[in-house]
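Only one structure is covered here, and it is reproduced in the block below.
The values are calculated or read from the model by the stated rules, or taken from the named source; none is laboratory data. This one's a predicted model, so the numbers in the text were calculated from it and none came from an experiment. Backbone-built Cβ (ideal geometry, glycine too); neighbour counts: all protein chains shown. These area figures cover heavy atoms from the full protein model, side chains too; ligands, DNA and RNA do not enter into them. Shrake-Rupley method; radii C 1.70, N 1.55, O 1.52, S 1.80 Å.
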Amino acid sequence: MTTVDSLKSAPAHPIHAMLAAYPLAFFSAALVTDILYVNSPQPQWSNFSVWLITFGLIMGVAAAAAGIADALLNRGRPRRHSWLHSLGTLLMLVLALVNAFVHSRDGWTAVMPAGLILSAIVALLALVTSWAGYALCSVREA
């Protein structure tokens, strides 16, 4: 048995699934802090949003790298909905990067209206891609 065959027969590692939970949490929390900023006189909420978006991007890239490594090893039959998950994740990360630049501006315009809209779209994409990714993992286990 070659090394490649032993890797293909090895049980799936949960690293991708564990890392994928972080962007969902960070991007959802960034949406919450944006809403708090809009409804509060405290400018610190905007700073929290920038940091949450940044950490969401870092963990999203780490999860994407683990997912790509997992897909390249192709442990089992190909899954037909994996491209939806991959393209959704790529779109989420690109929009999150744009959102980070929007949030880096000063004052009210850092969040309203573009930052809040982008945060809502990114949080929704994080939810959808996480759901699709966990569905792929449950299909793998079956």
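At 1.4 Å probe size, put 36, 31 in order of accessible surface, largest to smallest.
Per-residue accessible area, sorted high to low, gives 36, 31.
Just grab the label-to-label distance for residue 135 and residue 15, each label 7 Å out from Cα along the Cβ direction, in nm (one decimal).
The two pseudo-label positions are separated by 2.7 nm.
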